[in-house]
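Q: Let me give you the structure first, and then I'll get to my questions.
The values are calculated or read from the model by the stated rules, or taken from the named source; none is laboratory data. Computed from a predicted model, the values in this text were never measured in an experiment. Every residue, glycine among them, receives a Cβ derived from its backbone with ideal geometry; neighbour counts consider all protein chains shown. What goes into the accessible areas is simple: the full protein's heavy atoms, side chains included, and nothing from ligands, DNA or RNA. Shrake-Rupley method; radii C 1.70, N 1.55, O 1.52, S 1.80 Å.
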Amino acid sequence: EDRLLAQIAAFNPADVDVALTCTGVKPDIMVSEAAIAWGDIAPGTPTQRTLTVTNMAGATVSNLLVQAPALSGANAGDFTVSPPGGFSLTPGASRVLTVTFTPGALGNRVANLRLTSDDQETPTVDVPLTGTGRDRELTIVAPVAAIGFGNVKLGTSATPAAITLRND
């Protein structure tokens with residue numbers, strides 16, 4: 001127990017013991033996802049996911065100040081965050097960020113979303129972002145074997161054969 005010794009001159013000068021109690025408070029950031037993955041998305045097609053940022057509730061939690069979300073990495077231009085600015089959260093409050101992935105090319109696309117706050121224990125939170133730019137493909141479903149048309153004279157047509165395609 002810490003003590004403070006004060007002399008009070010306006011009254012009877014005497015030593016007075018004053019017991020002090022103090023509870024320190026601090027913000028406590030938490031995010032709903034450790035990473036966000038989109039899977040296969042056609043280039044140019046925007047697809048959204050959400051990320052919830054929370055200032056944990058508790059007797060020792062104070063307001064949390066979060067700077068504007070920052071995107072970095074090889075394909076950061078393929079990702080956006082909305083709303084884009086910084087924000088403040090009271091204890092127990094949350095804010096939903098919408099992260100949009102719009103592949104700019106085919107192949108694996110990666111970036112990092114960084115949240116910087118005044119949480120003393122976790123001042124930065126990094127959320128890896130991944131997705132794949134992939135065009136749709138046609139798959140032959142039936143028949144599974146080769147189609148035989150037999151001998152067909154030049155300039156004539158064979159009997160049509162049906163095939164079934166699936167757009168993956």
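Q: Is it true that some residue in region 101-110 is free of Cβ contacts under 8 Å to residues at least 40 places away in the same chain and of a type in the set (Phe, Trp, Tyr)?
A: no
Q: To continue, here is another question. Out of all the residues in region 28-49, which are part of a strand (DSSP E or B) and surrounded by 12 or more Cβ atoms within 10 Å (Cβ to Cβ)?
A: Within region 28-49, 29, 30, 31, 36, 37, 38, 40, 41, 47, 48, 49 meet the criteria.
Q: If you check every pair at least six apart or on different chains, which have Cβ atoms under 6 Å apart with a residue in region 51-80 that is farther than 18 Å from residue 31 by Cβ and open to solvent by less than 50 Å² (accessible area, probe 1.4 Å) first and a residue that is assigned to a loop (DSSP other than H, G, I, E, B) and at pLDDT below 95 second?
A: So the pair list comes out as 62/25; 62/27.
Every residue, every condition in (1) under 26 Å from residue 48 (Cβ atoms); (2) outside any strand (DSSP E or B); (3) in contact with a strand residue (DSSP E or B) (Cβ under 6 Å, 6 or more places away or on another chain), yes or no:
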| residue | (1), (2), (3) |
| --- | --- |
| 92 | yes, yes, no |
| 132 | yes, no, yes |
| 144 | no, yes, no |
| 148 | no, yes, no |
| 154 | no, yes, no |
| 160 | no, yes, no |
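Q: Oh, and also: Every residue in region 110-157 that is over 25 Å from residue 67 (Cα atoms), open to solvent by less than 70 Å² (accessible area, probe 1.4 Å) and touching an Asp or Glu at 6+ places or on another chain (Cβ under 6 Å), please.
A: 132, 139
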